[in-house]
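Structure, as structure tokens:
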Amino acid sequence: MEHPIHIDERYKFSSGLKKVLGIVLIIGVVLLAGGIIMGVMGVGEHHETSTDAANPLYNLKEASETPFTTQGPTEMSPESGVVEHDAAHGDEAHPRGSGNAAADAATSHAGPTWLTRLYSNFWINNLFFTGLAIAGLFWVAIQYAAQAGWSAGFKRIPLAMASWLPVAAVLMLVTWLIANHDLFHWTHEALYDETSPDYDPIIAGKKGYLNTFFYLARMVVFFAIWIIFFYLIRRESMREDIHGGTSYWYTLRKYSAIFLVLFAVSSSMAAWDWVMSLDPHWFSTLFGWYVFASWWVSAIAAITLIVVLLREAGYLKIVNANHLHDLGKFLFAFSIFWTYLWFSQFLLIYYANIPEESIYYIERLTSDYYSPIFFINLFLNFLFPFLVLMTRDAKRHSIFLKIVCTVVLFGHWLDFYLMVTPAVMKDFGGFGLMEVGLILIYASAFGFVVMSALTKMNLIPKHHPMLQESMHHHI
Amino acid sequence: MQISAPVREPLVTGGKTIKDVTYDISRHVEAPPTNPRWLLAMAVSLTLLAIGTYAVFRTVWDGIGMWGNNKTIGWAWDITNFVWWVGIGHAGTLISAVLLLFRQKWRTSINRAAEAMTIFAVICALQFPILHTGRPWLSIYWVFPLPNTWGSLWVNFNSPLLWDVFAISTYFTVSLVFWYIGLIPDFATIRDRAKGPIARAIYGALSFGWTGGAKTWQRYESVSLILAGLATPLVLSVHTIVSFDFATSVIPGWHTTIFPPYFVAGAIFSGFAMVLTLMLITRKVYKLEDYITMSHIELMNIIIIITGSIVGVAYITELFVAWYSGVEYEQYAFLNRATGPYAWAYWTMMTCNVISPQLFWFRKIRTSIVATFILSIIVNIGMWFERFVIIVTSLHRDYLPSSWAMFSPTIYDVGVYVFTFGLFFTLFFLFAKFFPVINMAEVKSVLKSSSSTEQINR
């Protein structure tokens, strides 16, 4: 064998890597600061938000100036140009556009400002990096439940990714507590008050589910479940390293099965809560699975990327070209799976053309700013991995995997950007220093947490009963 | 180098040698077709087929009016049965293609029969849309994009029903080729063992002159992998497009975005149940307990838990989002399902599909042959009701209360369904008698790494 496998190897978080992550962090902070300063001064945004922000109609006016190239099926009131979410609900009581911005304006907030944009960026990164962490744990669990042997050698990478979960929980909760009124239109009390001019019967009808207490309770419970199972799975894994034997494997399989059941329910509900309710009138039954697919592909890309980089740094010699090939297949196949769900949701809404559903795509397709991103999303997450990873060789060579994983990771970040930004920022979304800066900050923090977690465990689960299968993995 | 971890269950028990594999499976093909149990099974199937043929005859002769469909409920048992049969077929493709891609060695003992089931189930499914055209002999002109000079109208490419034609015909072709290619080496084995000249000639022709050379095996494996790669998107596409038949409409209860993946999961769910029903009988009658072991049954039961739970999550999602949407019609569609005149069908569906498979969480139940057999049938009943609930309860009360109606099947609805059962079991029993029910060649390939001398829980 070319490289000897060190079964007892431990990862050493080198000062070189720490320095790199530190520099990324600093660049991120600088860019973010630049973005904020520009935001405060009103520079570099693709719409002039400074125009009469106090006037509730300012964004409606703005929107009416946007040329609609496609005549959507949804009613557009000529005086506002804003598509109404509730067009098909047959309710004439509230003819105003029910976007966050308009309602925010009506309920004491100004329209989307740089601060809203900052919050929305925090939210996007919270969603994306929480996804990486929880889908990492999902990876581990599915390996045990499916009795997969080939992946035993690098199982510690996805496990380490899940150590971001506690951080993610705090970030998510804090962001929500600070920014809920800016991010979530449904959090405004006036919408539920029948005497208020802002009363919204549709949102009021959802009060049983969309209310602060129940929402926060769900958030806390979901994170609690995920973190508990992360600790349980890690604890048994660590014990297995010390004591050996097959009994831990059976315990882990049991925990994994229970986690998977809880995850099946919690991941869908989390997607409704954290993403779908940003557009509080809109609904799609597939949405939970769509978000899951996005998380899952991102996690596969992150695992592959970390494995490849560790291997290049001289670790994980247990991983050979066959493992990379299989990881590449996973990335390839689940990119197609994500596309399948994307297409199913899009086609059915497009085809049936029911206004309260199609509004979601109309907002994203008729905007000059979002529609290119809409297609870039498809290119990065479907065409690119599909074409590049088509051949056997591409899946077996680190360079292709590194490129595709990076592209796919950014692609899925962009997917979340496209889910969140039009809902929060309406037509005022942008991509600039603030976005790049915050991505770098989160990525660097995620890197620190995951890599430090890796130093605290054996890199190879040396007593895993399927380790021999993994070592001799050959396809 | 093939290594099996100590925690893996053996795939073949009883210390079988390669010779034993050939003998245990070929002997059923070689025995004369005079086994009384087989003759009885064929007689029952042919009787069902004969009764059903009468119903088909009356339907074609007198018209679709023989069915219970009415102007409100234009689709009922016909499409229910169509979707049910197509769904059953999915397990075969999942076992042969998806499990091959995931290198699940346990598929080798069950893939042959499951693929056969796929093909027969698709044939049964096709009877319904063809009969529903009213003039089956003309349907060929209507479903394909043929020029108007052939006496037909140009097809509507916007219609998911046309996509069905393409999806299912492709799926059927690929499944058939996949199944047949897998059969070739086994036919050659039977040809080589054949004593009579007729058997030798027939199995010789069927085996396409298979030599068993190294190069031939290499090509066999490449072709299998390519076909598996083709069949995997197909298995998703077929039920996805079947779900589009409903979901592209604007009927509450039909139009919902979760349909495509949820239909696929449901199809695999019902398909595995049918594989279990058939395999438990075959295993017992042919004494194949060392090949289709308890761990095979357990793994199939676990797939039933998973897919059943996915379907359960989808039901609850639909129900929740109907409420959450705030759309009155959506809300009513689901309220009507759960509490309206067809509530009995809805709760049958819920019990059979969501609650009953959860029993498999108990190891005792999922390793019990009797319990597995009963539950596999319950799941199939549940999945039939799922399609009935989706189709009939959504149609019978839609936007216009003045058009609300009820559906009751006629004896001919039942008869045509019986016809497909007769057809399915006739084909399956013919297969089980004259074709090797287990893929001998592939079982031999896992024998070395995954065999045990123990005879575990017969």
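The values are calculated or read from the model by the stated rules, or taken from the named source; none is laboratory data. Computed from a predicted structure; not experimentally measured. Virtual Cβ from ideal backbone geometry, glycine too; neighbours counted across all protein chains shown.
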Failed condition for A:GLU62, given (1) closer than 30 Å to A:GLN468 by Cα; (2) modelled with pLDDT under 85; (3) buried (at least 16 other Cβ atoms within 10 Å of the Cβ), with all others met?
-> (1)
Of the residues that make up the range A:420-434, is at least one within 14 Å of chain B (Cβ to nearest Cβ) and out of contact with any strand residue (DSSP E or B) (no Cβ under 8 Å at 6 or more places or on another chain)?
-> no
Among what's in the range A:433-475 and is in contact with a helix residue (DSSP H, G or I) (Cβ under 6 Å, 6 or more places away or on another chain) and among the small types (Gly, Ala, Ser), pick the residue that is surrounded by the most Cβ atoms within 10 Å (Cβ to Cβ).
-> A:SER470
Quick one: which residue in B:LEU288, B:LEU359 is part of a helix (DSSP H, G or I), modelled with pLDDT under 95 and out of contact with any strand residue (DSSP E or B) (no Cβ under 8 Å at 6 or more places or on another chain)?
-> B:LEU359
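Is it true that some residue in the range B:117-126 is under 30 Å from B:SER4 (Cβ atoms), at pLDDT 90 or above and aliphatic (A, V, I, L, M)? So that I can check it myself, show each step before the final result.
Going through the range B:117-126, the residues under 30 Å from B:SER4 (Cβ atoms) turn out to be B:117-118.
If we keep only those that are at pLDDT 90 or above as well, we get B:117-118.
Next cut, aliphatic (A, V, I, L, M) only: B:117.
Taking every residue of the range B:117-126 in turn, at least one turns out to be under 30 Å from B:SER4 (Cβ atoms), at pLDDT 90 or above and aliphatic (A, V, I, L, M).
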Whichever residue in the range A:347-375 is more than 9 Å from chain B (Cβ to nearest Cβ) and of a type in the set (A, V, I, L, M, F, W, C) and, among such residues, is surrounded by the most Cβ atoms within 10 Å (Cβ to Cβ) = A:ILE359
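Okay, residues lined up against (1) in contact (Cβ under 8 Å) with a residue 40 or more places away in the chain; (2) hydrophobic (A, V, I, L, M, F, W, C); (3) crowded, with 22+ Cβ neighbours inside 10 Å; (4) closer than 28 Å to B:ILE251 by Cβ:
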| site | (1), (2), (3), (4) |
| --- | --- |
| B:PHE263 | yes, yes, yes, yes |
| B:SER270 | yes, no, yes, yes |
| B:LEU276 | yes, yes, yes, no |
| B:ARG283 | no, no, yes, no |
| B:GLY308 | yes, no, yes, yes |
| B:THR317 | yes, no, yes, yes |
| B:SER325 | no, no, yes, yes |
| B:ALA333 | yes, yes, yes, yes |
| B:ALA338 | no, yes, no, yes |
Filter the range A:321-346 for residues that are of a type in the set (Ser, Thr, Tyr) and more than 24 Å from A:SER398 (Cβ to Cβ); the one that is nearest to the other protein chains (Cβ to nearest Cβ) is A:SER344
Considering only the range A:256-277, how many residues are over 18 Å from A:PHE129 (Cα atoms) and touching a residue at least 12 places away in the same chain (Cβ under 8 Å)?
-> 7
Within the range B:172-184, is even one residue surrounded by 15 or more Cβ atoms within 10 Å (Cβ to Cβ), more than 14 Å from chain A (Cβ to nearest Cβ) and farther than 30 Å from A:TYR340 by Cβ?
-> yes
Going by the structure shown, is B:THR293 surrounded by 20 or more Cβ atoms within 10 Å (Cβ to Cβ), within 14 Å of chain A (Cβ to nearest Cβ) and of a type outside the set (Lys, Arg)?
-> no
Do we have B:TYR329 as within 18 Å of the chain's Cα centre (by Cα) and assigned to a helix (DSSP H, G or I) here?
-> no
Could you tell me which numbered condition A:ILE203 fails, if it satisfies all but one of (1) in contact with a His (Cβ under 8 Å, 6 or more places away or on another chain); (2) within 13 Å of another protein chain (Cβ to nearest Cβ); (3) within 25 Å of A:ASN125 (Cβ to Cβ)?
-> (3)
Residue check, A:ILE359 farther than 16 Å from A:PHE292 by Cα, touching a strand residue (DSSP E or B) at 6+ places or on another chain (Cβ under 7 Å) and aliphatic (A, V, I, L, M) = yes
Would you mind telling me which numbered condition in (1) within 23 Å of the chain's Cα centre (by Cα); (2) within 14 Å of chain B (Cβ to nearest Cβ); (3) among the charged types (D, E, K, R) A:ASP182 fails?
-> (2)
Looking only at the range A:219-255, count how many residues are part of a helix (DSSP H, G or I), touching a residue at least 24 places away in the same chain (Cβ under 8 Å), over 27 Å from A:ALA271 (Cβ atoms) and of a type in the set (Ser, Thr, Tyr).
-> 2
Would you point out which residue out of B:SER222, B:SER139 is hydroxyl-bearing (Ser, Thr, Tyr) and either within 30 Å of A:PHE386 (Cβ to Cβ) or within 14 Å of another protein chain (Cβ to nearest Cβ) (or both)?
-> B:SER222
Consider B:LEU299 carefully, then state whether it is surrounded by fewer than 24 Cβ atoms within 10 Å (Cβ to Cβ), more than 10 Å from chain A (Cβ to nearest Cβ) and under 24 Å from B:THR93 (Cβ atoms).
-> no
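So which residues in the range B:306-342 are among the β-branched types (Val, Ile, Thr) and more than 9 Å from chain A (Cβ to nearest Cβ)?
B:THR307, B:VAL311, B:THR339 - these are the residues of the range B:306-342 that are among the β-branched types (Val, Ile, Thr) and more than 9 Å from chain A (Cβ to nearest Cβ).
Each row is one residue, and each column tells you yes or no for (1) hydrophobic (A, V, I, L, M, F, W, C); (2) within 22 Å of B:THR240 (Cα to Cα); (3) surrounded by 14 or more Cβ atoms within 10 Å (Cβ to Cβ).
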{"position": "B:THR118", "(1), (2), (3)": "no, yes, yes"}
{"position": "B:VAL122", "(1), (2), (3)": "yes, yes, yes"}
{"position": "B:LEU126", "(1), (2), (3)": "yes, yes, yes"}
{"position": "B:ILE140", "(1), (2), (3)": "yes, no, no"}
{"position": "B:PHE144", "(1), (2), (3)": "yes, yes, yes"}
{"position": "B:PHE157", "(1), (2), (3)": "yes, yes, no"}
Flag for A:ALA293 being in a helix (DSSP H, G or I) and free of Cβ contacts under 8 Å to residues at least 60 places away in the same chain | yes
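Let's see how each residue does on (1) buried (at least 23 other Cβ atoms within 10 Å of the Cβ); (2) outside any helix (DSSP H, G or I); (3) not acidic (Asp, Glu):
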site: B:LEU375; (1), (2), (3): yes, no, yes
site: B:MET406; (1), (2), (3): no, yes, yes
site: B:GLY415; (1), (2), (3): no, no, yes
site: B:PHE421; (1), (2), (3): no, no, yes
site: B:PHE425; (1), (2), (3): no, no, yes
site: B:PHE429; (1), (2), (3): no, no, yes
site: B:ILE438; (1), (2), (3): yes, yes, yes
site: B:VAL446; (1), (2), (3): no, no, yes
Looking across the range A:207-255 at residues that are more than 26 Å from the chain's Cα centre (by Cα) and among the basic types (Lys, Arg), the single one that is farthest from the other protein chains (Cβ to nearest Cβ) is A:ARG235
For the range A:395-475, which fully contained helices (runs of 4 or more DSSP H) count at least 2 residues that are under 24 Å from A:PHE379 (Cβ atoms)?
-> A:398-425, A:433-455
